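The values are calculated or read from the model by the stated rules, or taken from the named source; none is laboratory data. These numbers come from a predicted model, not from an experiment. With ideal geometry, Cβ positions are generated from the backbone for all residues, glycine too; neighbour counts draw on all protein chains shown.
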Amino acid sequence: MADTYSAREDRCVTGIEGLDNILNGGIPRGNTILVTGSCGTGKTTLSIEFLVHGALQGERSLYISVTEASDKLLKNMIPYEFFDPKLIEERKLIFIDLPVIYEKLGLQKLDFTLEEIQILVDQIVKVVVELNVKRLVIDSITSICYRLTTEEKIREFILRLGTELSDAGCTTLLVSELLPSAKGYSQYGVEEAIADGIIVLGNLERRGDLLRTLQVVKMRGTTHSRAKYVLDLTPIGVLLVPLLKGGSVEMR
Amino acid sequence: MSMPEIKVADIGLPVLNEALMGGVPRGYTILLGGSPGSGMELFAKQFAAAGIGKEKVVYFTTTERDEDILTTMREFNWPTDMKIVNIGQEYYTKVLEKELLISRYRQEGVPLEYILESSSRGVGEREVNFLTRVTYEVSNLTPPFRIVLDSLDFFLEHYEHSKVLSALRTIKAHTQYNESVSLVTMLTNVYSTATQSGVEEIVDIIIELEMQRKERGFEKYLVVKKVRNHPEKTGVFKYYVNSTGIRLERIE
């Protein structure tokens, strides 16, 4: 059970069945993790569950939605048994829409300047610090990077954000959308090099079934299993079980 | 055989009425040009006042406050019963005020309550097109009307010149069709030849206010540069301002 690890101050216990075992106790606090995979692999669900468990343990958790309106996302969360609407009322779990911030800061051009990147980072960090947020999900980092037209800008953005969030004691999941054609673990190739950890979600075809898989490829600050697990999305949340390898064909 | 009588409107200056066809032929659009400080705004108000009581007068302003316009008109004992459409004020509240806020937020960060209480569904408020705003307002007028547009410079500064010309053509056509009169002001020696001659080509009458530096101050001239189909009516007048407004003197 996840509770076994709750004593460890330096770990952010995900509360996701199986994942804390893989990570030897949870994500090292302050880490910035890339949760990457193609569409439908469970990135958003996994991330929100990570936040909900945090909120249930009394850690304020923040979800920043970049493309989808967060009220729509919330509706999708209601069927999950672990989700408690009270968390929202009590502001333990907070959803905000990045386009609101874009508008207020006049960041409506498709290509951000370095100055604007700094302004955006400052704003996100300001929200995290003022609300004393301990768990943050940005869904998706790819949509932000879309407006950072060069590798240097993407590097600058993720590096600054990661450093300042870590200083604030906030553990962050950056959701990264992967096109099946992409090489490596991230759309722009830069994100994966800077992140402290990478969790890859994928599809695997086995005897006519399309399975979801999870693999922790990298995690600074802890030993971890690098095996591939089968990820099940159930009404009680994400379940991870070891993958039985026979007859599998990997897909993106 | 008597001449067919031309229907005219009072331009607000008796000497100028006389020099034209006893007034401005109905259906005509006048361009009033000049340099800053030459008295274009005062001329515009005098022209507007000359229509009050006989025509529906609409005064579009891009630079003055409503009270400034009305105070000036009262100083000269002119009637003020007209509609003022304050584009400058609207521009301030819809565009400039927003820009001011943006620069403040970029410096200080967006206040938390604004981020927490709004959803991205409210983002992306439609930008106001002030050019369309004017043509729409004009298209709703019923004859006989009198339009003052002070000044065209605001629109030339913010919109593509071809679009401004197209809007001017719409205003002129509507004025012509409804046997009404319009006056637009524009700074001279500012725009490209293409724009300048584009505007001059559309209007029926061009009046320019000129100032010449003399030892003891300025000598002011009103030049009638173009009268459609009546090149013989062009001419130069001296002008001065007294308690009744702008007065003209013929140059012998």
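Return the residues of the stretch A:21-41 that are crowded, with 20+ Cβ neighbours inside 10 Å and either among the polar types (S, T, N, Q) or within 12 Å of the chain's Cα centre (by Cα) (or both); say none if nothing qualifies. Within the stretch A:21-41, A:27, A:31, A:32, A:33, A:34, A:35, A:36, A:37, A:41 qualify. Taking residues in the stretch B:121-143 that are within 14 Å of another protein chain (Cβ to nearest Cβ), and partners anywhere that are modelled with pLDDT of 75 or more, the pairs with Cβ atoms closer than 7 Å and at least 6 places apart or on different chains are B:121/A:69; B:123/A:99; B:123/A:100; B:123/A:103.
Looking across the stretch B:176-223 at every residue that is in a strand (DSSP E or B) and of a type in the set (Gly, Ala, Ser), the one that is nearest to the chain's Cα centre (by Cα) is identified as B:182. Under 28 Å from residue A:189 (Cα atoms), touching a strand residue (DSSP E or B) at 6+ places or on another chain (Cβ under 8 Å), within 14 Å of chain B (Cβ to nearest Cβ) and not polar (S, T, N, Q): is that true of residue A:62 in this structure? Considered against the rule, which asks whether it is under 28 Å from residue A:189 (Cα atoms), touching a strand residue (DSSP E or B) at 6+ places or on another chain (Cβ under 8 Å), within 14 Å of chain B (Cβ to nearest Cβ) and not polar (S, T, N, Q), residue A:62 comes out as yes. Consider the stretch B:232-252 and keep the residues that are over 18 Å from residue B:46 (Cβ atoms) and in a strand (DSSP E or B). The one that is farthest from the chain's Cα centre (by Cα) is B:250. A single entry from B:179, B:210, B:200 fulfils the requirement of being at positive phi and surrounded by 14 or more Cβ atoms within 10 Å (Cβ to Cβ): B:179.
When you scan the stretch B:222-238, do you find a residue that is at pLDDT below 95, among the hydroxyl-bearing types (Ser, Thr, Tyr) and surrounded by 13 or more Cβ atoms within 10 Å (Cβ to Cβ), even just one? Scanning the stretch B:222-238 turns up at least one residue that is at pLDDT below 95, among the hydroxyl-bearing types (Ser, Thr, Tyr) and surrounded by 13 or more Cβ atoms within 10 Å (Cβ to Cβ). Give the stretch B:99-138 a look and list any residue that's exposed (fewer than 15 other Cβ atoms within 10 Å of the Cβ) and modelled with pLDDT under 85, or say none. Answer for the stretch B:99-138, where residues must be exposed (fewer than 15 other Cβ atoms within 10 Å of the Cβ) and modelled with pLDDT under 85: B:117, B:121, B:122, B:124, B:125, B:126, B:127, B:128.
Does residue A:144 satisfy the condition of being more than 23 Å from residue A:12 (Cα to Cα), hydrophobic (A, V, I, L, M, F, W, C), crowded, with 17+ Cβ neighbours inside 10 Å and in contact (Cβ under 8 Å) with a residue 60 or more places away in the chain? It is true that residue A:144 is more than 23 Å from residue A:12 (Cα to Cα), hydrophobic (A, V, I, L, M, F, W, C), crowded, with 17+ Cβ neighbours inside 10 Å and in contact (Cβ under 8 Å) with a residue 60 or more places away in the chain. Check whether at least one residue in the stretch B:149-170 is surrounded by fewer than 20 Cβ atoms within 10 Å (Cβ to Cβ), more than 14 Å from chain A (Cβ to nearest Cβ), of a type outside the set (Asp, Glu) and in a loop (DSSP other than H, G, I, E, B), and report yes or no. Looking through the stretch B:149-170, at least one residue is surrounded by fewer than 20 Cβ atoms within 10 Å (Cβ to Cβ), more than 14 Å from chain A (Cβ to nearest Cβ), of a type outside the set (Asp, Glu) and in a loop (DSSP other than H, G, I, E, B). Where helices (runs of 4 or more DSSP H) fall wholly inside the stretch B:43-145, the ranges with 3 or more residues that are farther than 20 Å from residue B:32 by Cα and acidic (Asp, Glu) are B:66-75, B:97-108.
Every condition in (1) closer than 21 Å to residue A:46 by Cα; (2) of a type outside the set (Gly, Ala, Ser); (3) surrounded by fewer than 20 Cβ atoms within 10 Å (Cβ to Cβ); (4) touching a Gly at 6+ places or on another chain (Cβ under 8 Å) is met by residue A:183 except one, and the failing one is (1).
Of all residues in the stretch A:86-110 being within 7 Å of chain B (Cβ to nearest Cβ) and in a helix (DSSP H, G or I), which is surrounded by the most Cβ atoms within 10 Å (Cβ to Cβ)? The extreme case among them is A:101.
Yes or no, residue by residue, for (1) touching a Phe, Trp or Tyr at 6+ places or on another chain (Cβ under 7 Å); (2) acidic (Asp, Glu):
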| residue | (1), (2) |
| --- | --- |
| B:47 | no, no |
| B:51 | no, no |
| B:55 | yes, yes |
| B:62 | yes, no |
| B:65 | no, no |
| B:69 | yes, no |
| B:82 | yes, no |
| B:86 | no, no |
| B:89 | no, no |
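Do we have any residue at all in the stretch A:111-122 that's among the acidic types (Asp, Glu), within 11 Å of chain B (Cβ to nearest Cβ), in a loop (DSSP other than H, G, I, E, B) and closer than 29 Å to residue A:179 by Cα? Within the stretch A:111-122, none of the residues are among the acidic types (Asp, Glu), within 11 Å of chain B (Cβ to nearest Cβ), in a loop (DSSP other than H, G, I, E, B) and closer than 29 Å to residue A:179 by Cα.
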